Each structure stands twice: as structure tokens, then as C-alpha cells.
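Just so it is clear, none of the values below were taken in a lab; they were calculated from the coordinates. Everything numeric here is computed off the predicted structure, so don't read it as measured data. Counting neighbours? That spans all protein chains shown, and the Cβs are built from the backbone with ideal geometry, glycine included.
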Amino acid sequence: MVIGAMTQAGLNTVDMSDLNLFQQCLTVVLSMIGNPIVVSIIVVLVRKRAFEKGLKKRRKEEKKRDHTSLTTSIASSIIANLDDYSESRVLNSFVSGVKNIIELIMKSTRHRENQYVDRNAQFHSLSLEEREYVQCVEYRAVKLLGYMITAYYFIWQFFGCLVLGIYLSLNYTEEISREGFNPWWLGASLAIGAFNNSGISLLDTSVIPFRDSSFVLLNMSLLMLAGNTAFPIFLRWILSQILNLIPDNEKCEDLRETLRFILKFPRRVYTNLFSSDQTWCLLALLIFFNAFDWTAFEVFNLYSPDLQTMPTKPILIDGLFQTVSMRSSGFIVIPISSLFIGLQTLYILMMYISAFPITITMRSSNVYEERSLGIYAQELYSSDLPINDESTSGLPIRRRDRFYFVQEQVRRQLSHDLWFLVIGAVMIISTESSNFNRDPQTFSIFNMIFEIVSAYGCVGFSVGLPDKTYSFSGAWHKLSRLILCAIMLRGRHRGLPVDIDKAIQLPGQEMDFAEEQDHRFRAISKMTGHL
């Protein structure tokens, strides 16, 4: 239960109603702690602290050298008051020159003639003072994101708890009381479980009692999207709207500059924030996958005897909810075992690739992933060479476009996943052979593979048991459940970068050197046509 909550897999091996209040609260808290947004907030705060230490260290070193105010670095001027950046405008004409360089960087296009920026926000050919100013702007960006992401995380859950708590207390008080729960506590747990995509419901039947309530299902669907697959989309939209609302005057100049820096170079400051083009692609993928799964749900279930008698409107909303839930959260509004077998097979595939859109987008915007693959292509949009099929089979690397990179990442992801899944499945199926011999229908190979893929994808869907309300894995042997825990942990970390990510690196000369080194490699690749 603990690992299921922390990894957000949500495969409960006991009925939630059998837990006492403390255990229920602990499960909810663990699901909140395990949210990737919480982990990213910690990373942002660590980077913020590292920036502050670095700037303070530079200031101390400059004081020892006792330089004149003309040669005082940008870092010294800004660190004098980290919380009041309006004083940075008092800097001398030398600083104005540095800011002009930064403005040029901020307004840079994708043309290869750009003097200062490679793809994926790799800065190069900057002087020491210019790099110091970039780091100061980056520090402000990290600091602002620390506040924004924290507020995003708590505000969504607060209003989700409030809305569902009010609605359930007004409409389902009697039904919920019969189950032994307070409507406010149940509403809060459902909202938190939806946003954190844990799939854990205090009700043993998940959200099946609310299958006719469009309000509950639609609100939970929105929370599931905001807390997981659509998080980068919502975050970028919020930041862009704030930038549009801020007045364009001298008082707000630094805040506007910080927001423009974040939106222009999102992957320098945060792992789950992407450029405008990548965000639109992510939105398109999200719409496509959900529309495809929703359509498949409605079409396949025309052949399901259990669902043919349901009215059209509820089955449409139920299908939408279960489609969104299938991406990662694992709430069920219709028992999986009652679905058409073809749809269950499709769910196995979709649960496996559920992490691919964000993971591949994240990796395609991380230049150090290219290092791990040996790719130092020039700006993808600047290539004036024709792209052909031979470009991925031994011709100069600079001819390879983003499709090659995504293709390579998918191939590596498959090779990373499959061997672990196959070994885990063989071990579990072998361990459960006695149960299979006793009840081959319940403990079928298909049901076990479904549970394993659901655990690896940290989704939480389960075919269940005929006479129990907890997950199918609850009837497994202890060894099988331990193996499943390892699979959940492995699946929870499969989205990590192959190499160190720019957005989690601590500032320092090593990072500056790496950027200049990458630029030199790219320049050599451009001139020679190969590595």
C-alpha cells in the first residue's frame, strides 16, 4: 500500500474501508509526497539555494579584491539585495551594455546565424560579466517558479477539495454516511487522489457510486489532467497570461524580463516546462490519445452486455472519465472485468505508453540527452540540407532532424523497459502457477500481464477479483507482491533523463564550460559534416 501510494500506482491489496483514520490519512499524504510536482519543487528550491550561495561567494571574493565600482560585477550588485531587484537598474553604463546583450538573446530567432544561443537554450560566446547577468536572471526565474509551482500545487487541490466536499455534502450525504465516511473527508480524498493521480479512493468500489454524476466525474477529470499529463500545458499558459496582464512599465520591468526568460528558455529552469512549439505538440498528443481511447471505449463497449443497457449520456461521461483516468490515475467508474476484451487489450498498450508523451518531450528538449546519443546537430530549423531516409543510416549527423531523435529515444525506452517487464512477468507467473492451476480463469496469463503493466505504468487499473473489491494482486503470493513493488518502483523512475538535465544542474563554472564545449562540438560538426 505504501509503495502503491508513493509511486502513484494505486494498486491496493486491502480494502480501504478496513483501514483506520490514521492509515487513511497516511495513504493520502504519501500520495501527495510522491507527486512528481513535489519532487520538482524540491529541485527548484535546491537550485535557488545554490544560486544564492554562488552569488554571495562572488560578492565576498570581489570585496577582498577591493575593486572600484566600475569593475564591480553584476552578481555583486544584485546580491546586495536578493529580494529587491529594482535596484539593479542603478547599475552603470557597463551594465546597460550587458543588458543589451541579454535583450538580444531574448529576442533571438531560430536562425543559425544567432551569435549567442544554440538549440535548447545553450548560451555561448558570452563574456564573464554577461554570463553573470544571465545567471542572475536565471536565479530570478528559478525563484519565481518556486513560488508559482508551489501555489499551483496547493491551489488546485484546495479548490478541488472545496468543490467536491460541498457537492458531496449537499447531494450524497446519506449514501456516504452509510459507508461510514464524512462527505467532506471523502470529497477531499477524491480531489487529492485525482490531482496526485494515485487512484486511491476511500470507497472500496472506487468512484462507481458516482457513475451517474457528471459533475463529480468532470471535476475529477480536470484535476487528473492538471496534476499530470496537462501540467506543463497549464503552467505555461498561466505564465503567459501573467506576462500579458503585467503592466509594461519600469516598476514591473524585472518581473517581465524574468517571465520572458522563463517562456523563452523554459528548459534552463524547469524540467516540466517546454517551449511553445513543444507545448502545442504535447497538447496535440494529449488530445489525440484521449480522443482515440474515448472513441475505442464507446465502440468496443457496444459489444459488452453489461453496458448495453446504460443510457447514452452517462456512458459518454463515464467513457471520458475512464479514458482520462487510464493515462495514470487508475480510478474506475466501470469495472475493468466487465469491459470488452479488445478494450482491455488496448488498455495494456495505452498504460505502457502513458508516460511517453511527456518523457519524450522532456528528453527532446534536453541537450545533454543528445550528448548521450552522440548527436550534435545544428539548429533543427536552420538546416538547409534536404532530409531523406539515408540521414538516419550513416550520413552526416547534422542532416538528422528531430524525428530521428524521437525515434532513437523511443527505441532506447523500449529496450530499457521490455527486459525488466519480461523478467518480472516470468517470475510472477511462475510464482502464481499454483493459483493458475486452481483457478485458471481468474489467474489467467492475460490478467496477470494486465496487472503487471498497470503497475509498471503507475496507472492502477486492475481486473479485480470475483469476490473481493481490492486489486487482483491482493490475492497473489507475498513473493509476487514484492516483485510487483519492484516493478512499480522501476516504472515510477522510467521517465528520468538518460543524462543530467540542464534544469536540475547546479550553477557553476562547470556548467558554463559544458555549454561552450557543446557549442564547439556543434561548430565542428557543422564544418566537417560528421562527428
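Observations on the structure shown:
- Euclidean distance between Cα centres, the range 331-352 to the range 259-322, Å: 16
- In Å, descending, principal axis extents of the Cα set of the range 239-353: 67, 28, 20
- Extended-chain gain in nm, criterion 0.36 nm per residue less alpha-carbon gap, Phe22 and Tyr303: 96.8 nm
- Local net charge near Lys468, Cβ-Cβ under 10 Å (Lys/Arg +1, Asp/Glu -1): -3
- The ranking of Ile358, Ile238, Ile315 by Cβ neighbour count inside 10 Å, starting from the fewest, reads Ile238, Ile315, Ile358.
- Among Asp318, Asp439, Asp204, the ranking by other beta carbons within 10 Å of each residue's beta carbon, starting with the fewest, stands as Asp439, Asp204, Asp318.
- Neighbour-count order for Leu218, Leu168, fewest beta carbons within 10 angstrom listed first: Leu218, Leu168
- Whole-number percent relative contact order across the range 193-337, with pairs defined as alpha carbons under 8 Å at least 6 apart: 38
- Cα centroid separation, the range 139-173 to the range 412-462 (Å): 36
- Using a Förster distance of 45 Å, the FRET efficiency for Ala151-Leu349 (Cβ separation, nearest 0.05): 0.80
- The calculated FRET efficiency for the pair Leu218 and Lys56, based on their C-beta separation and a Förster distance of 51 Å, comes to about 0.55.
- Were the residues from Ile242 through Phe420 laid out at 0.36 nm apart, the gain over their Cα-Cα distance would be 59.7 nm.
- For a label point 7 Å along the Cα-to-beta-carbon line of Ser169, residues of the range 187-202 with backbone N under 17 Å: 187-192
- Surrounding net charge for Thr442, when Lys and Arg each add one and Asp and Glu each subtract one, Cβ distance under 11 Å: -1
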